[in-house]
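Undergrad: Take this structure, written in structure tokens, and hold onto it; I'll ask about it next.
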Amino acid sequence: AVVSTQSGHYGRELNLGWLNTNQQGKAEGFEDADGNKFYIILIFIKPINTEEYLLQAINLFIRNEIDSDIAAKFVDFVFEERISKESLVREVIRFACHSVHRDMAVSKFAETYTSYSQKHKVFDYELLTAPSPSTTEIRPLPEGCVIRELELDHAPLIAPHWISSLKVSDDSLHFLLRELRQNISSPRPALGIFQGNTLMAWIQVYYDGSVGSLFVLDDHRRKGLGRHLVRRVVSEIWEKAGTEPLAYVLPENAASKALLSAEGFVPRPGNGLRFFVHQDLKGI
């Protein structure tokens with residue numbers, strides 16, 4: 001049997017101060033009869049016009065050296081005792097397993113919650129982490145460029161590029177605008193590079209300290225802007241959260257992998273995220 005425990009857990013601490021105003025976080029540690037320790041982070045979001053919080057993000061932490069059968073029993077326990085189908089938000093689910101047992105956990109999720117395999121587009125991301133801030137020399141920002149916080153007015157410029165990357169309908173624009181505005185207004189870093197009032201590139205940090213949404217507009221690429229943004233948010237994550245920064249990258253995205261590698265990120269084989277995105281996000 002797996003029992004909940006508040007001490008001796010394994011995994012990352014959840015910085016509750018970085019959640020959006022409509023989010024709630026729950027972190028729980030577990031230990032089985034043989035002393036194996038596990039850890040989960042669940043993130044709940046409150047959709048518009050409702051007081052009920054629904055589950056949007058699931059993070060499992062399982063030690064790599066734990067036997068596969070034991071890991072499978074823990075995953076079954078989580079799905080049976082901690083997650084109900086009714087509690088899952090319809091539009092977007094982030095399911096991450098920080099372990100070499102990721103493929104097993106992802107398969108079990110797909111079997112248990114078949115509607116998310118059948119009705120959603122699925123994106124599988126690899127996990128990279130930055131053990132320490134990079135100190136390698138990089139070229140200076142172009143003359144007149146500065147890094148500063150994104151503002152709510154920038155969301156309409158960013159959202160169409162997000163729609164393109166997620167391959168969802170333009171009807172989803174208002175959903176993504178809402179998410180972007182909440183991310184920008186949260187305490188987490190959400191930065192852009194500007195030349196005057198012109199936004200050239202941007203980056204965000206998600207609730208779990210993962211770096212994401214890095215984008216450089218076509219006219220401003222090959223100027224080193226992406227590296228400046230990554231270095232800045234990595235430094236802020238270490239300073240404000242004190243945890244190892246994460247980045248999830250699509251396997252075929254060689255450019256992002258190269259950029260992150262140049263900034264000290266290293267791959268964590270077997271670890272990763274599955275992102276379920278409903279083809280029509282306009283329900284929230």
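The values are calculated or read from the model by the stated rules, or taken from the named source; none is laboratory data. Please read these numbers as outputs of a predicted model, since none were measured by experiment. Cβ sites come from the backbone with ideal geometry, for glycine too, and all protein chains shown count toward neighbours. Side chains are part of the model used for accessible areas, which takes the heavy atoms of the whole protein and leaves out ligands, DNA and RNA. Shrake-Rupley method; radii C 1.70, N 1.55, O 1.52, S 1.80 Å.
Undergrad: Take Leu199 and tell me if it is more than 18 Å from the chain's Cα centre (by Cα), over 23 Å from Glu137 (Cα atoms) and part of a strand (DSSP E or B).
TA: On the way: more than 18 Å from the chain's Cα centre (by Cα): yes; over 23 Å from Glu137 (Cα atoms): yes; part of a strand (DSSP E or B): yes.
Judged against the criteria, Leu199 is a match.
Undergrad: Something else: Residues in segment 41-58 that are in contact with a Lys or Arg (Cβ under 8 Å, 6 or more places away or on another chain), of a type outside the set (A, V, I, L, M, F, W, C) and surrounded by fewer than 18 Cβ atoms within 10 Å (Cβ to Cβ): how many?
TA: Residues in segment 41-58 being in contact with a Lys or Arg (Cβ under 8 Å, 6 or more places away or on another chain), of a type outside the set (A, V, I, L, M, F, W, C) and surrounded by fewer than 18 Cβ atoms within 10 Å (Cβ to Cβ): 2 in total.
Undergrad: If we keep just the residues of segment 253-279 that are of a type in the set (D, E, K, R) and at pLDDT below 90, which is farthest from Val89 (Cα to Cα)?
TA: Initially, segment 253-279 is screened for residues of a type in the set (D, E, K, R), giving 257, 263, 268, 274.
Right, trim to at pLDDT below 90 and you get 268, 274.
Numbers: Arg268: 28, Arg274: 15 Å.
Within segment 253-279, the match that is farthest from Val89 (Cα to Cα) is Arg268.
Undergrad: State the number of residues belonging to segment 73-91 that are assigned to a helix (DSSP H, G or I) and among the hydrophobic types (A, V, I, L, M, F, W, C). Break it down into steps so the answer makes sense when it comes.
TA: Initial filter on segment 73-91 (assigned to a helix (DSSP H, G or I)): 73-81, 85-87.
Checking the rest, the ones that are also among the hydrophobic types (A, V, I, L, M, F, W, C) come to 74-75, 77-79.
The total comes to 5.
Undergrad: Would a scan of segment 59-67 turn up a residue that is surrounded by fewer than 17 Cβ atoms within 10 Å (Cβ to Cβ), under 15 Å from Phe276 (Cβ atoms) and out of contact with any strand residue (DSSP E or B) (no Cβ under 7 Å at 6 or more places or on another chain)? Before you say what the answer is, go through the steps one by one.
TA: Just the residues of segment 59-67 that are surrounded by fewer than 17 Cβ atoms within 10 Å (Cβ to Cβ), to begin with: 64-65, 67.
Remaining after also requiring under 15 Å from Phe276 (Cβ atoms): none.
Within segment 59-67, none of the residues are surrounded by fewer than 17 Cβ atoms within 10 Å (Cβ to Cβ), under 15 Å from Phe276 (Cβ atoms) and out of contact with any strand residue (DSSP E or B) (no Cβ under 7 Å at 6 or more places or on another chain).
Undergrad: State all residues of segment 213-247 that are open to solvent by less than 10 Å² (accessible area, probe 1.4 Å) and either at positive phi or not in a loop (DSSP other than H, G, I, E, B) (or both); if no residue qualifies, say none. Even if it seems obvious, please write down each step before you answer.
TA: Here is the first cut: in segment 213-247, the residues open to solvent by less than 10 Å² (accessible area, probe 1.4 Å) are 225-226, 229-230, 233-234, 237, 245-247.
Passing the criteria: Leu225, Gly226, Leu229, Val230, Val233, Val234, Ile237, Leu246, Ala247.
Undergrad: Please list, ordered by first then second residue, the pairs with beta carbon atoms under 9 Å, 6 or more apart or interchain, first in segment 31-55 and under 15 Å from Phe79 (Cα atoms), second at pLDDT 85 or above and in a loop (DSSP other than H, G, I, E, B).
TA: Once the first residue is under 15 Å from Phe79 (Cα atoms) and sits in segment 31-55, its partners that are at pLDDT 85 or above and in a loop (DSSP other than H, G, I, E, B) give Phe38/Arg63; Phe38/Ile66; Ile40/Arg82; Leu42/Arg82; Leu42/Ile83; Leu55/Ile83.
Undergrad: Is there a residue being open to solvent by 40 Å² or more (accessible area, probe 1.4 Å) and touching a residue at least 40 places away in the same chain (Cβ under 8 Å) anywhere in segment 190-205?
TA: Of the residues in segment 190-205, the ones open to solvent by 40 Å² or more (accessible area, probe 1.4 Å) are 195-198.
From the residues that got through so far, the ones that are touching a residue at least 40 places away in the same chain (Cβ under 8 Å) too are 195-196.
Yes, some residue in segment 190-205 is open to solvent by 40 Å² or more (accessible area, probe 1.4 Å) and touching a residue at least 40 places away in the same chain (Cβ under 8 Å).
Undergrad: List the number of the failed condition for Glu86; all other conditions in (1) open to solvent by 70 Å² or more (accessible area, probe 1.4 Å); (2) in contact with a Pro (Cβ under 8 Å, 6 or more places away or on another chain); (3) not basic (Lys, Arg) hold.
TA: (2)
Undergrad: Output yes when any residue across segment 98-112 is at pLDDT below 85, open to solvent by 10 Å² or more (accessible area, probe 1.4 Å) and assigned to a strand (DSSP E or B), and no when none is.
TA: yes
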